[in-house]
Amino acid sequence: MDAGRDVPNARTRLRTRADNALRGLTGGVRDRASGALRDPVVLAVLAIAAAALFARLFWLGYRTAHWDEARVAYWILRYEETGAFAYRSIIHGPFVHHATRPLFALFGPSDFVARLPVAVVGGLFPVSALLYRKHLRGHETVLLAFLFAFNSVLLYYSQFLRSDVLVAAFMMTALGFLVRTYDTRNPRYLHPAALFLGFGIASKENALIYLLVWIGATALVIDTGLFRPRSSRSGLDLLRERARAVRRYASAVKAGGTKRKRVGVVAFHLFGAGAVVGLVWLYTFAPRGGAAEYYPVSASAIGSITFGDTIADPTRLPALIENTWNYWYSEYPTWSDKALASGEDSSLSERYLEFAPQYVQVLREYALPTLLFAAIGFLGERYGRERSRNLILFGTYAGVASVIGYPLGLDIFGPWNAAHPIVVLALPAAAGLGVLYRWGRNALSSGDTVTTALAALVLLVVLGHVVATAAGAAYVHDTDSEANGLIQYAQPAGDMRYDLQQLDRIAAENDGTDVLLFESYFVGNGESGYYHPACMGTSNWFDGLPLSWYLYAADANVTCVQNSPDLGAVSGDPPPIIVTRERSVSVLSQQLDGIGGYEYTVYELRAYGTETVILFDPAAIDK
């Protein structure tokens, strides 16, 4: 009887202990969250992130899609419709495909939805500044978040379906968690570091450049420590001390006890972090569905086993990993070969001399405060302090290497590449802006009103310049390539949004042919098996971007006519929409009856030199 009563009592005590532990855990989390929300630095960073997110969502779907955006959006929509996917380095990492596919399924295809994942990641990126807080003063942490939020390049390309902001945000967040691991000696931070590292690798191939730059910057920081050791007589003495410490620790581990347990815990977390990277890599890069049927890839290259096959039969996992690895290894590094293979008539050095001045010009025009204050922060840190902060030196070394090295890897010039040195140089730039802030604060505390006013004015001008330049690039001159140096040539000029909305509506309501494409610029000799509208042909489909994307997204019924003699085949009433080059409008008017009253607008499908006309039947618009 007594033993029988002891069993439920034991269970009751166990439940009580579990409840107390759970209450303690949730209470601790609640207390930490409450304390963080009372922290002015945390509140300031969260406010900056909220403003950054709003700035990116505002006007997000207004600008006409860039050539690159259109082709990536097309393949995401194909993935959503067919369930088939294959990674191809020509359109960069697959993260954005997996993130956007369910959004297309829920809300339908549009520029706003296509850009939404990049905008959200870019808007939340400033929160990562808190990961570096132990190495930065409170105001420097806030300034770092501000630079992440409102730099012109980061804002403009956060409203752009391209993966440069994704890889920059993910890799810098991964670095922040690695720094946090070092600061706390808590290996649990390795898991989020691995997660964001996996996201970065899955975003774009130049994630590997981040790793190489980090290794080089770490080597320089170590060299700095050996050249000017803090607590040893020389660098050699410091190395000997470290070697002796390692031997003592190894002996303690060998002897057992808490240190051996600690090594076991760290090894467990390292293994877990590696597993996280591997799982993210496999999930994002493994092929789906009948990829070879819908993608221009070789079936033998990607293998016959898909991610879905492995879900249905887990015993096929080793074969999926092997096939995915072989294909990834043959495809992923080819991104770095583009600069070498981009031109038969120019050498790598010639292209570097061509791209480097443009690259520096973008940084000078759209990241000048970051560059100037990064230099101030580095000089003050290296020569103005008794104990230099390694994070500031690291950021400077990595940023300078990126500025010098990135033009080497370009096959075409794109201002988006400037995002990568900017996010790293923001670390020393925050320290440099902090010098200005402390100058004014110290003057205020000493009653020096003139110096206080001067420091406040300079700081206001600098931060105001950042915001004003960003607003001009993202909103005021977002399609004007003459006024906006962030616009790459393949961005359509002008505002096509009204005509594109009419295209969507007419395609949904009209019976029969919705759009007539006329002219050899848009129409090829053969049909494409992978690109739709198929009658455009492959090369002409690319020439027609972004209109090719809009026609497919609207599910428009398209008829293609390459030459004027073939216009006779267009029988009955002309379709409600006709697309051609401006030079061909007169030919259409002469040979196609009934379009004399059509309304049309001339657009540039690129920044210049691609005058294209969209003609609308007024009756279709009125209807």
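The values are calculated or read from the model by the stated rules, or taken from the named source; none is laboratory data. Keep in mind that this is a model prediction, so the values were computed, not measured. Here the Cβ is made from the backbone with ideal geometry for all residues, glycine too, and neighbour counts use every protein chain on show.
Things worth noting here:
- Sole residue being of a type in the set (Phe, Trp, Tyr), closer than 28 Å to Gly108 by Cβ and modelled with pLDDT under 95, chosen from Tyr598, Tyr552, Tyr608, Tyr530: Tyr530
- Restricting attention to the range 555-588, the residues being of a type in the set (Val, Ile, Thr), at pLDDT 90 or above and farther than 20 Å from Met496 by Cα number 2.
- Breaking point among (1) of a type outside the set (D, E, K, R); (2) free of Cβ contacts under 8 Å to residues at least 40 places away in the same chain; (3) assigned to a loop (DSSP other than H, G, I, E, B), for Gln488: (2)
- Verdict on Arg441 being surrounded by 14 or more Cβ atoms within 10 Å (Cβ to Cβ), charged (D, E, K, R) and touching a residue at least 40 places away in the same chain (Cβ under 8 Å): no
- Residues (over 19 Å from Glu69 (Cα atoms) and either of a type in the set (Phe, Trp, Tyr) or without any contact (Cβ under 8 Å) to a residue 12 or more places away in the chain (or both)) located in the range 123-180: Phe125, Tyr132, Phe146, Phe148, Phe150, Phe170, Phe177
- Residue match in the range 102-121 (condition: at pLDDT 95 or above, aromatic (Phe, Trp, Tyr) and crowded, with 22+ Cβ neighbours inside 10 Å): no
- Whether a residue is among the aromatic types (Phe, Trp, Tyr), in a helix (DSSP H, G or I) and farther than 21 Å from Ala471 by Cα was assessed, and Phe177 passes this test.
- Of all residue pairs spaced 6 or more apart or on separate chains, those with beta-carbon atoms under 9 Å, a first member in the range 366-392 that is closer than 20 Å to Pro229 by Cβ and a second member that is outside any helix (DSSP H, G or I) and among the aliphatic types (A, V, I, L, M) are Arg389/Leu136; Leu391/Leu136; Ile392/Leu136.
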